[in-house]
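Before any comments, here is the structure.
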């Protein structure tokens, strides 16, 4: 009978058996491979990706442009007479905020409400007022600490620069500080910009400056100046900047700032050139009143951050200048410093600020015997006075400190430098006498002298980058880089000198 069954044939014979064996081997190999993969590549949980942080430059571009702060070079227009003599260069005309001050001053900030996107915090107990800036959140957002704090500050000699860092990118400034081998930066903090309404603080730009310096291991000096109009009492002369009427207002602001940046800001300089009428609100120039202000600031800062250094505001080199209405337009800086000590200065600062401007005099000459018949600007020779000289100012201050049993304290040179400009504005004629080579050599020599003396603390060169920050302004005469960022001879020499 033939096999005609419709059923599928059974697997029989050598062919089917071989196929089954191959399938078995393949299954076994697959199991072995799977086990090997689990052993070598264990399961890894997927992490939530972190957002990419913006660069400082990008952050700066997102921040509305801030007006450049008013930063003063030791008032070169104040002719240097002997004490009590009439000073020819200061006139009775009072500058307005928008006008050019006798010292090289950047574009003055206007009293505007800060942008809403800055970090704003009310002071303790503050209540919003009808004049409070719209959109300021009534919350206190702490400034988060970073993982790499700056080393503890050293109240000792150091190399520093003054640069403008608010409202702009920071990358170029940081690169310059590191390239030069410097340790310090100074930034002026106009109080009027950062507490425009009582009790509300616009911390955002200071936060950026502090964070940049901390992340890059740079010590920071904040120079606090310019009371807001609301703090200056009834009928202030708002054409010029001035001190607060109630010192407690300053104490609250400084206490809040020192608490926010505790351990992160190394030093605070309190006020600027207060022996000049237009830095003191056209009020009576009064060293005792300034020491009261300094004492209040010292107490507030030390209560919030005991390690922070408090530096007495630097005076401008000047002679005593009577005004037409009987008030003084300037008090000789040595006289004013003595008056500060009489009022108790020694007890309220960790260092004494100084602004020994260079004018057209080398730093290492004896101002009493130095002669330069080629100099077109004859300030030193027309009105001989120590304050025309870098070394004359510092040696005079040093002796006053010794006379007041304060010789262990250091002089902090919070501004100095030599201007170079073939066609300077009126009042700055000395800049035409200086060459780029003299600026180079004299600046290097000044740093060397400060370090060798042993009684000078950090020295801040005025200035790094005002050729870029305030285009076409006279402040650029002191810059050490060109408008395009290229180095001037003084920059290269400072970078290459032994530190």
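Any read-out appearing in this document is the output of simple, stated calculations on the displayed coordinates, not a laboratory observation. No experiment lies behind these values; they were computed from the predicted model shown. Methodologically, a virtual Cβ is constructed for each residue, glycine included, from the backbone with ideal geometry; neighbour enumeration extends over all protein chains shown.
For segment 180-226, the relative contact order works out to 62 percent when only alpha carbon pairs closer than 8 Å and six or more residues apart are counted. As a length-normalised measure over Cα pairs under 8 Å and 6 or more apart, the relative contact order of segment 276-411 settles at 25 percent. Looking at segment 147-268, the pairs of alpha carbons with a distance over 21 Å make up 42% of the total.
Sorting the segments 228-238, 325-335 by their mean number of nearby beta carbons within 10 angstrom, highest to lowest, gives 325-335, 228-238.
Find the Cα radius of gyration of segment 293-386, compare it with 2.2 N^0.38 Å by division, and give the number to two decimals.
1.42
Computed over segment 331-385, the alpha-carbon pair-distance distribution with 10 angstrom bins reads 18, 39, 26, 15, 2, each value a whole percent. For the peptides 292-303, 358-369, the ranking by mean Cβ contacts within 10 Å, running from highest to lowest, is 292-303, 358-369. Using a cutoff of 8 angstrom between alpha carbon atoms and counting only pairs six or more residues apart, the relative contact order for segment 161-311 works out to 22 percent.
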